[in-house]
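The values are calculated or read from the model by the stated rules, or taken from the named source; none is laboratory data. None of the values given here were measured: they were computed from a predicted structure. Note that we place each Cβ from the backbone using ideal geometry, even for glycine, and neighbour counts take in every protein chain shown.
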Amino acid sequence: MDTLKRLEEAVVRGNMDEVKDLTQAALDANLAPLDILDQGMIKGLEVVGQRFECQQIFIPEMLLSAMAMKEGLSLLKPQLEKGDAPQLGKVVIGTVEGDVHDIGKNIVSMMLTGAGFQVVDLGFDVPAQKFLDTVKQENADILALSCLFTPTRLAMKDVIQALQEANLRDKIKVLIGGAPIDQKFCDLIGADGYAPDAPGGVQKARAWLGK
Amino acid sequence: MKEEQIFQDRRARINELRAKTERMSHRQRAMMAVKHQEPDRVPIDNWMVPEIQKRAMEYYGCDTYEELQRFLGVDFRNNYGPSYVGLSFKKFPDGTVEDLWGVRRKVVTYGKGTAHEGTYSEVAESPLANMKTVEEITAYPRWASPDWWDYAKVKEDCAQYHPEFCVINVGDRLDRTAQLKPMMYLRGIQQAFVDLALSPKIVEVIRDRIVAYFTEYNHRVFKAADGEIDIFMMGDDMGGQTGPLISLEMWRRYFKKGFKAFIDIAHEYGIPVMYHTCGDVKALIPDFIECGLDILQSLQPRATNMDIKQLKHEFGKDLCFQGGMDIQHTLPLGKPEDVREMVKYAMDAAKAGGGYIVCTAHNIQVDTPIENVTALFEAYHEFGAY
C-alpha cells in the first residue's frame, strides 16, 4: 500500500506515532507536501467525518485523530511554508464569553491545524473585543466561534456585531458550532456557516478558501 | 402569595385547569406514573436556573420558590442528600474553591450586563490532569470519603414533603452519582477521553474509586432515609447532540457494571431509579433497561434519535420517561404557540398508559422569555389531563 493511503488510515485510527512516521516517510520519499496534506491527512479526515456521522466512531476516537493530524502537520508545516504553494488561510478560534466548554473547540482547532490552516486559538470565555482585536492583528480569513449552552450562544451575535461596527464583517467568514447551534441559529445571527461536527467545520473552512 | 388583581389574573388559567383535572395527591400521581399507570394528569417536574425561578416568582406574585412550585402544580420535591461535615473546602487567592474531589472550581458569569446574565460553577483545575501512572493516581490524597457526610437529617429532610409530594434524592449537580463526570472533573475532559481510548488502567483505577465512594455513600443515604425517598436520581452525561459521546462497547467495558451496581443498591431499598443524561443515547437504552433502570431523564428533543414518540414506541413498555421539552430552541427562541405545540406533541406521544413525567430536558435557561415559561406550564395542565 502506498504511503499516503497508509497515512490516511493512520489518521482514521488516530495513531499519532504512525501518522508522524508516515508523514516523515512521505517527505523522505520527496512527495509534494500539498499532496501529503490532501491525499493523506484530508482524506483521513473525510473518513473520520463520515464515520462520526454514522456513529461508527465517537469523541475519544475523533479526538485521537485530531491529535494525530496536528502532530503530523508539525512535520509537514515547515515544508508547506517553504514551497511556492499558496498558504492556506488563517483562522482565529475560541469559545465565546461566559462559556468555558472547549472540548469541541479543541478538536476543531486541532483538525484545522492538521488540515494546514494557521490557527490562533484564544481558548474559552473569550470576550468579543478580544476576538475583534485578534482578527485585526492577525488579518484572519475565518473566525470560528464555539459554545455549549444556549444563553452563551447569544454572545456569538455580539461578536458579529463587533465585526460589523469595525467594518470588518465583509472581510472575514464567520463559522459557528457547538451543541445548541443549527442552521436556523446561524441564519438568525448572520454567521456565514455552521457545521454539526469538527470534520464538517474543516470542510467548510476549506471550501470557503477554495480548497 | 401576592393577592393583587394582576397576579390573580396571571394565575387564573393554571388554577382553573388544575381545579378541573386534579383528583389525587402529588405523590400518588407521580408514583402511579412511575408504575406505568394513568393517574389524573401527567406528573410535572420542574428544572429552572435560579434566575428563571426568580423571574417566574415575580411574574406570578410568589414570595418563595416553594410557593411557585405549589402554584405551578409541580409534583416533585428535591432532596439534596446529607450535610457535608468534612474538612472545609480550601479557598485559593485566585478565587477558586476546592470541591468534594479536590477539583478547583470557579464561578463563571455569562451574558454580562444583559438581561440574560447568569452564573455557573465550572471546573478551573483538574488535580489528576498531569499524572501519568496508576501509582500516582492511587496516591492522590483527596479521594472523597462517605465519612465526610452527616446522614442524620436525610429522613427528616425528605419526610417534610410527605405524604403530599414525591421526593427525589437528586444530590447536587456537581456531586451527583455518576462515573464519567467526576472522572472528567478530576482528569480534565480532554484527558479523560484520551484515557478512555488509550489508558484503560488509568480509567479503571479512577472509576473504581468513584464507584466505591458512591456505592457506600448511597447505601448510607438510603438507610438513613428509612423509606422516605421515593425516587433516586443519578446523572452522567453520555450523549452529545448527534450521538453518544462514547461507543456502546466502551460504555459496556467501563461503565455498565457501576451503572448496574448503583441501580441495584436503590432497588435493595425499594427505590426506583431515574437517570439523567443529555444528548442522544439511544444506542445505550437497551442496556440501561437490562440493568434495571426505571426512568430515563432528559430526552433532549433536538438531539438525534431522541424523538419521544419513537422512544415511547420502542422502549415505553420497559422504561418511564421524564423530560422531552426543548430548551435549546423552542423555549428560548420560539413563540408561545410553538411551546404549546411541543407540549401537545409530547403528551400525545407519551402519556398513554402512564410512564411519562413532563419536564424540560434540562434547566429552563435564562434566555427564555417569561411568556414561554407560562405557555409551558399552562400547556402541561391543558394537555396532561387523562
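A few points about this structure:
Per-residue answers, yes or no, for (1) assigned to a helix (DSSP H, G or I); (2) over 22 Å from residue A:51 (Cα atoms); (3) touching a Pro at 6+ places or on another chain (Cβ under 6 Å):
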site	(1), (2), (3)
A:129	yes, yes, no
A:133	yes, yes, no
A:143	no, yes, no
A:157	yes, yes, no
A:162	yes, yes, no
A:174	no, yes, no
A:186	yes, yes, no
A:204	yes, no, no
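- Single residue of segment A:157-211 satisfying the filter (away from chain B (no Cβ under 14 Å) and without any contact (Cβ under 8 Å) to a residue 12 or more places away in the chain) that is farthest from residue A:94 (Cα to Cα): A:210
- Taking the conditions (1) modelled with pLDDT under 95; (2) at positive phi in turn, residue B:123 satisfies each one other than (2).
- Looking only at segment B:1-31, and only at residues there that are basic (Lys, Arg), within 29 Å of the chain's Cα centre (by Cα) and assigned to a helix (DSSP H, G or I), the one that is nearest to residue B:384 (Cα to Cα): B:18
- Close contacts from segment B:101-119, counting a first residue that is more than 7 Å from chain A (Cβ to nearest Cβ) and a second that is in a loop (DSSP other than H, G, I, E, B) and at pLDDT below 85, with Cβ to Cβ under 7 Å and a gap of 6+ residues or different chains, come to B:117/B:111.
- Residue among A:56, A:24, A:39 that is farther than 24 Å from residue A:175 by Cβ, crowded, with 17+ Cβ neighbours inside 10 Å and outside the structural domain of residue A:172 (by TED's automatic domain parsing): A:39
- Residue within segment B:124-139 that is within 27 Å of residue A:153 (Cα to Cα) and not in a loop (DSSP other than H, G, I, E, B) present: yes
- Test for residue B:342: is it among the hydrophobic types (A, V, I, L, M, F, W, C), assigned to a loop (DSSP other than H, G, I, E, B) and at pLDDT 95 or above: no
- Any hit, segment B:297-318, residues being within 14 Å of chain A (Cβ to nearest Cβ), hydrophobic (A, V, I, L, M, F, W, C) and surrounded by 18 or more Cβ atoms within 10 Å (Cβ to Cβ): yes
- Hits in segment B:161-220 (condition: of a type outside the set (A, V, I, L, M, F, W, C), within 14 Å of chain A (Cβ to nearest Cβ) and closer than 21 Å to residue B:122 by Cα): B:173, B:181, B:185, B:187, B:188, B:190, B:191
- Test set (1) within 30 Å of residue B:319 (Cβ to Cβ); (2) touching a residue at least 40 places away in the same chain (Cβ under 8 Å); (3) surrounded by fewer than 17 Cβ atoms within 10 Å (Cβ to Cβ) - residue B:29 fails condition number: (3)
Rundown of residues vs (1) touching a Lys or Arg at 6+ places or on another chain (Cβ under 8 Å); (2) modelled with pLDDT under 95; (3) more than 14 Å from every other protein chain (Cβ to nearest Cβ), yes/no style:
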site	(1), (2), (3)
A:62	no, no, no
A:76	no, yes, yes
A:79	no, yes, yes
A:88	yes, yes, yes
A:91	no, no, yes
A:96	yes, no, no
A:102	no, yes, no
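- Condition met for residue B:237 (within 21 Å of the chain's Cα centre (by Cα), within 14 Å of chain A (Cβ to nearest Cβ) and not in a strand (DSSP E or B)): yes
- Of the residues making up segment A:19-37, those that are of a type outside the set (Lys, Arg) and in contact (Cβ under 8 Å) with a residue 40 or more places away in the chain are A:19, A:22, A:23, A:24, A:27, A:32, A:33, A:34, A:36, A:37.
- Residue match in segment B:205-225 (condition: more than 22 Å from the chain's Cα centre (by Cα) and among the aromatic types (Phe, Trp, Tyr)): no
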